[in-house]
Every structure is written in structure tokens, then in C-alpha cells.
Amino acid sequence: MILPEKVTEAASVIAQQEVAPDVFRMELSSPAITELAKPGQFVQVRILNGDHILRRPLGIAECDRTRGTFSLFYRIVGSGTRDLSLLVHGENVNVLGPLGHGFDVSFQHPLLVGGGMGLSPLLSYAQAKRGACDILMGGKNAGELFWQSFYAPYVEKTILTTDDGSLGSHGFTTTVFPDIVKQETYDGVLVCGPEIMMRGIARLAKAAGLPCQVSLEKRMACGLGACLSCSIDTVNGARKKVCKDGPVFWAEEVFA
Amino acid sequence: MTDAREAALLATELCGIKMQTPILTGSGTFGFGEEFADLTDLSRIGGVVVKGTTLKPRRGNDGVRIAETPAGMLNCIGLENPGIEVFLQKTLPRIRPYGMNIIVNVSGGSVEEYGLLAQKLDIPEIAAIEVNISCPNVKEGGIVFGTDPDAAAAVTKEVKAHTKKPVIVKLSPNVTDIVAMAKAVEAAGADMISLINTLLGMQIDTKTWKPVLGNITGGLSGPCVKPVAVRMVWQVAQAVQVPIIGMGGIMTAEDAVEFFLAGASAIAVGTANFTDPTSTARIASELAAYLEQHHLENIRDLVGRLELPAKEE
Ligand SMILES: Cc1cc2nc3c(=O)[nH]c(=O)nc-3n(C[C@H](O)[C@H](O)[C@H](O)COP(=O)(O)OP(=O)(O)OC[C@H]3O[C@@H](n4cnc5c(N)ncnc54)[C@H](O)[C@@H]3O)c2cc1C
Ligand SMILES: Cc1cc2nc3c(=O)[nH]c(=O)nc-3n(C[C@H](O)[C@H](O)[C@H](O)COP(=O)(O)O)c2cc1C
């Protein structure tokens, strides 16, 4: 039998922890989706309190295939993420996934560049490519770079920047990027974070001759390519759907 | 329940179209069906009603296209679609093997465009044409035809003149007198009526004081519209002879039963496909169980069985 690419699954909360103010790490028992997931893919989470007609798209962060669990990181920004944060061990959500196209897994030694919640899907890549990646992460302040400890087991080198200079280099990821890619031979750049960061890094990666992938966000309903909520324009004029054709795109496909 | 028993309870026929179940999909909420193939059994839908199709490709509206509301959602997709030619040449051959009844929802900018679309769809692979005169999100989405009985009748006549397929006319709830609309399209030759399309709505971001949707307004769907939809199906069912496809907020078989009791011969599941992509198959099983519990032999035995309180003489 051909395995389906995606499934819906009742998933129980194995762990839920506030890892930074308003940022949560949630671990879900979801064996079928954990088995199928590829780095950079996402799930559509249905919150079962009766208040949400729409699922919430969240990137898969880490997979534990032996235990059949995966983790999500999310920031509270509205009613859906707030309701998610109220769930405790043993409560259920329904998960649809894994969805979309993830990152190209053929890179040997890529540089990951992330900021904010964009560091969540990149973590799945670092984990899948254990030891192969370096991570450049940027945040407003030291507190936003709590991610270091989650990346530590999986990456070779961690480079930090903060807007206020409280940790690592003072400035943005784009400030230090050109020097970093000169010091080391990378074969690709994978970036996920605020759009301004992704555009900036994509431009610099191009200048450095490095292939670059970005991961986009847009409001979506089905997550399957059917409802057309998340259509975007691509550089050559073709319309694409973030949920199905992405969320990961080659930078030159989406950023002119 | 055995599959055969379930099939016997749910099988129905509408204007000569044989359907495994009386459960269709709401246009724009189920893509071309193929997107859901991993998740729900496509052979257990009565038909897939594909996304609103126009003569020329349309890119749809810019900006935010959806928002969640209490018990529902707003959308302003704006009829993004690849156009009828791409549908016929690329999409249709790809989805034919699923064996679904394929119903194409069409939108035109003029009466003539509706006729042209109908002509192009007068082919064996298509089960029926659903005429969308009710999209609230684009000027040429037909809403001008959907709020005026004479214009709605003109579109219906034009479509009928260009196809031998059963013609379903989809009505907008954004009118004062839904019965007048239904009677007008029936008199003009509609073989079936579907209702309701979305209700025009709006959401405002209280942090930015700006509209949430890129198009400012959008169409409201989901459980919050169900009472409006049931009422309209009931009113229309009293006034017309043609079969009705009821929709608006159906999430469960119990919701569907309300529509059948009100007089719908079939129903469509829309927004529920987003909440639960297995909705169509789940509702089919639940509906079969409901029919059995109520000692009914087939879904047709439920249609229009609403019991009104006896009037005092
Ligand atoms: C592919 C993808 C992966 C994502 N991964 C993560 C992640 O790993 N961690 C994380 O914290 N966030 C992630 N997001 C963003 C996350 O989906 C939103 O923060 C979340 O949906 C907000 O829901 P809410 O009810 O709390 O907010 P509200 O603002 O109340 O939500 C209202 C509606 O808008 C949608 N919405 C609001 N913000 C966004 C957004 N940025 N992107 C898409 N839809 C949005 C909601 O889904 C909902 O339908 C991802 C988005 C996408 C598209
Ligand atoms: C995202 C979205 C897109 C839709 N697109 C169309 C469309 O192209 N043509 C149409 O006739 N109706 C369209 N509709 C309306 C639905 O088919 C249906 O009539 C309506 O949503 C009410 O049913 P529901 O509450 O079950 O969703 C759309 C609805 C949604 C939510």
C-alpha cells in the first residue's frame, strides 16, 4: 500500500512549557505525522475547545521517531495561540499534517539563519542534519535567544546577534552575514524569520553566490492547496500557494 | 453498519445524476477534490463542486483573504482561478480518475459570458453546472445578477440555452426576498437551486483601526450562518418544485438533517472541510446511522418532513 502523504491524527499533549515570556514549547504524541515529517514542513492544529473554526499553522520543530512525538514552538499572538497555551499534559488537539514542501535536504554544510519564531522550523533541519549545520540567530535582546540551548545538541557553530548588543554581535543577522560566509565554506543558506530579514539575507546570499531558501507565512484555511487563502505572487508571475507549494521556496522564486 | 447498507441508505439521484451520497462539497472549499484524496474517501461524496471558474484566469484579491469569527469565518478570495481553458485541459483529465460527479461552479461578468462558459462545459465529463450569481467578493462575481430577479432569470435562460446539462443556480442570501429570487430562476429554467452562498460581512482590527481583510468586506460562512440558511431553504422549498441543495454551516449529520427536513434534497459541506478535512466521509457515516435510528430506508424519506405545530382554526 502507498502511504498517504498526510493524515489527521488525535494528538495528546506530552509536555507544555513556557520557554520565554509568551513563547511555548509543546510536545505532541502523534506517531503517524512524526514518521512522515520532513524538515521544514508544518502542521495545522485544531484546538478542540469549540471556539475555532480554523486550524492554526505551526512549524514542526523536532521529531522523536522512537517515541512518536514532535514538538512545536509558538508565540501567543491571539486567541488561538492563547488557547493552545492553556492545554495541559494529557489533553488533546487534532493535527493535520505533515504539510507543504520543506527545505532541500541535499546541502552538506548549510548556514541556517533565523529570527523570532522562524527558529522553530529551522530546528527541524538542524536536528535532521545533526552536526552538519551552523546557526546564525538574531533577536531583539538576549532573552529572545533562548533558542541556543535547543540548537546546541544539533549544530556545529552558533553565532548570535542582538539589536541591543546584550548578547553576541550588536546588530542584525544581515550585519554579520557577509563576514561569516567568507570565513567558512557553506553550500547553502536556509532562512526563516521576519520578511525583512529573509529579504536581506537572500540578497546577501545571492551576492555571495550561495543558493538560498526562505520559509514564508500567510493566513491559510485548509493547508492543502484548496481554498486559495494563501496565494502569493512569484517573480515570474505565476501564482503559488504557501501551504502546498511552500512554505519553503527558493529565494529567487519569491523575492525579486 | 455494512458498506452496502450505508450505500442503500444514502444513495440518491438529482435530475438524473446518480449520487453515492446526498453530500456535495461547497464550491471554493474543497478545491478540485484531489487535494483531499489522502484524507477523505472521495467516492463517498455525491459530487465535487469545483471552485468558481471564469472565462479568463483571475488572480483574486490582494492582502489578507481570511479571518476567523465566532463560529465561522470571512473570506475574500476573489474568485482566483486558472480560467476555463486550463480547467478543461489540465485539471479535468487529472481529476476524472477519481470517479466523482464533477459539478463546475461558474461566474461571469456578463450574461453572454455565462452562456459561453455553459457551452464549453457541455461535455460528457461534467455532471452539472452550478451558476454562481452570488459571489460577494468581486464586482464581476455575479452578485449584480444575484440580487435582481430579472437579471438572475436572464443569466439562467442564457445558460440553459447553451447546455443540456442540469443547471443549478446558486442564490445569494444578501437579498430581502429569497423566494422572489428562487421563483425567478425556476421560471427561467433552473433545474436545481443551491443556497446559500456567503453573507457579506466585515471585521476591524482594533489595534490598527484598519479592516482585517484586504478587500475590506468578505463572505461569512460556517455554523454562524446556519440558521439563516435553514430558514431560506425552508422558505424556498415551499415556493418551488425543483430540488434544492442546502448549505451553510453544516458541520455534522444533525446539521445536515435540519436542511433535509426543511426541504433540501442534497446538502453541501463547505467551511467544515477546513475544520475537519474528513468531514464529508464522517457526515456520511453519521447520516446513515441517523437514518437507521429513525427507521428510514433512504435519505429521500427525510426530505421536507418538517412538522409544523398545528394551526388553530
Ligand atoms: C506555514 C506556517 C508556519 C508557522 N509556524 C509557526 C511557528 O512555528 N510558531 C509560531 O509561533 N507561529 C508560526 N506561524 C504563525 C502562526 O500560524 C500564527 O501566529 C497563528 O496562527 C496565530 O493564531 P492566533 O489565533 O493566536 O492569532 P490571531 O491573530 O487571532 O489569528 C487570526 C487568524 O489569522 C491567522 N494568522 C494570524 N497570524 C498569522 C501568521 N503570522 N501566519 C499565518 N496565519 C496567521 C490565524 O491562523 C487565524 O486564522 C506559522 C504560520 C505559517 C503559515
Ligand atoms: C474560502 C471560500 C471560498 C468560496 N468560494 C466560492 C466560489 O468560488 N463559488 C461559490 O459559489 N461559492 C463559494 N464559497 C461559498 C461556499 O461554497 C458556501 O456556499 C458557503 O461557504 C456556505 O457554506 P458553509 O458555511 O458550509 O461554508 C466559498 C466559501 C469559502 C469559505
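The values are calculated or read from the model by the stated rules, or taken from the named source; none is laboratory data. Keep in mind it's a predicted model, so treat the numbers as computed, not measured. Virtual Cβ from ideal backbone geometry, glycine too; neighbours counted across all protein chains shown. Just so you know, the surface numbers come from the protein's heavy atoms only, side chains and all, with ligands and any DNA or RNA stripped out. Shrake-Rupley method; radii C 1.70, N 1.55, O 1.52, S 1.80 Å.
Could you check, for the range B:297-307, whether at least one of its residues is part of a loop (DSSP other than H, G, I, E, B), out of contact with any Asp or Glu (no Cβ under 8 Å at 6 or more places or on another chain) and within 16 Å of ligand 2 (Cβ to nearest atom)?
Looking only at the range B:297-307, we keep the residues that are part of a loop (DSSP other than H, G, I, E, B), and these are B:297-298, B:303-307.
Keeping just the survivors that are out of contact with any Asp or Glu (no Cβ under 8 Å at 6 or more places or on another chain) gives B:297-298, B:303-307.
Pick out the ones that are also within 16 Å of ligand 2 (Cβ to nearest atom) and you get none.
No, every residue in the range B:297-307 fails to be part of a loop (DSSP other than H, G, I, E, B), out of contact with any Asp or Glu (no Cβ under 8 Å at 6 or more places or on another chain) and within 16 Å of ligand 2 (Cβ to nearest atom).
All told, B:N197 falls short of being over 20 Å from B:S265 (Cα atoms), within 13 Å of ligand 2 (Cβ to nearest atom) and either touching a strand residue (DSSP E or B) at 6+ places or on another chain (Cβ under 9 Å) or of a type in the set (D, E) (or both).
Taken across the range A:116-129, residues that are surrounded by 19 or more Cβ atoms within 10 Å (Cβ to Cβ), farther than 17 Å from A:L216 by Cβ and within 12 Å of ligand 1 (Cβ to nearest atom) do occur, with at least one present.
So which residues in the range B:247-289 are assigned to a strand (DSSP E or B), away from chain A (no Cβ under 14 Å) and either touching a helix residue (DSSP H, G or I) at 6+ places or on another chain (Cβ under 9 Å) or open to solvent by 20 Å² or more (accessible area, probe 1.4 Å) (or both), if there are any at all? Please lay out each step first, then the result.
Looking only at the range B:247-289, we keep the residues that are assigned to a strand (DSSP E or B), and these are B:247, B:266-269.
Filter once more, so that each one left must be away from chain A (no Cβ under 14 Å): B:247, B:266-268.
Scanning the range B:247-289 gives B:M247, B:A266, B:I267.
Among the residues making up the range B:23-33, a single one is more than 9 Å from chain A (Cβ to nearest Cβ) and open to solvent by 10 Å² or more (accessible area, probe 1.4 Å): B:S27. From the list A:E195, A:E217, the one residue that fits, being within 13 Å of ligand 1 (Cβ to nearest atom), free of Cβ contacts under 8 Å to residues at least 24 places away in the same chain and closer than 30 Å to B:R58 by Cβ, is A:E195.
Quick check on the range A:36-85: of everything there that is part of a helix (DSSP H, G or I) and within 19 Å of the chain's Cα centre (by Cα), which residue is farthest from ligand 1 (Cβ to nearest atom)? Break it down into steps so the answer makes sense when it comes.
Of all residues in the range A:36-85, those part of a helix (DSSP H, G or I) come to A:36, A:79-85.
Imposing the further condition that a residue be within 19 Å of the chain's Cα centre (by Cα) reduces the set to A:36, A:80-81, A:84-85.
Details: A:L36: 16, A:G80: 3, A:T81: 3, A:L84: 8, A:S85: 9 Å.
If we take residues in the range A:36-85 being part of a helix (DSSP H, G or I) and within 19 Å of the chain's Cα centre (by Cα), then A:L36 is farthest from ligand 1 (Cβ to nearest atom).
Based on this model, can you work out whether A:V7 counts as within 14 Å of chain B (Cβ to nearest Cβ) and either within 17 Å of the chain's Cα centre (by Cα) or under 24 Å from A:A128 (Cα atoms) (or both)? For A:V7, the condition - within 14 Å of chain B (Cβ to nearest Cβ) and either within 17 Å of the chain's Cα centre (by Cα) or under 24 Å from A:A128 (Cα atoms) (or both) - is met.
The rows are residues; the columns are (1) within 14 Å of chain B (Cβ to nearest Cβ); (2) acidic (D, E); (3) in contact with a Cys (Cβ under 6 Å, 6 or more places away or on another chain).
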residue	(1), (2), (3)
A:I47	yes, no, no
A:R67	no, no, no
A:F70	no, no, yes
A:Y74	no, no, no
A:G78	yes, no, no
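Listed by first and then second residue, the pairs with beta-carbon distance under 8 Å, at least 6 apart or on different chains, first residue in the range B:48-76 and more than 8 Å from chain A (Cβ to nearest Cβ) and closer than 20 Å to A:V242 by Cα, second crowded, with 24+ Cβ neighbours inside 10 Å and of a type in the set (K, R), are B:C76/B:R65.
Given the structure, is B:G222 on the phi > 0 side of the Ramachandran plot and within 11 Å of another protein chain (Cβ to nearest Cβ)?
Answer is yes for this residue.
Within the range B:238-289, take every residue that is of a type in the set (S, T, Y) and under 20 Å from B:A7 (Cβ atoms) and give me the one that is nearest to ligand 2 (Cβ to nearest atom). Filtering first and then ranking leaves B:S279.
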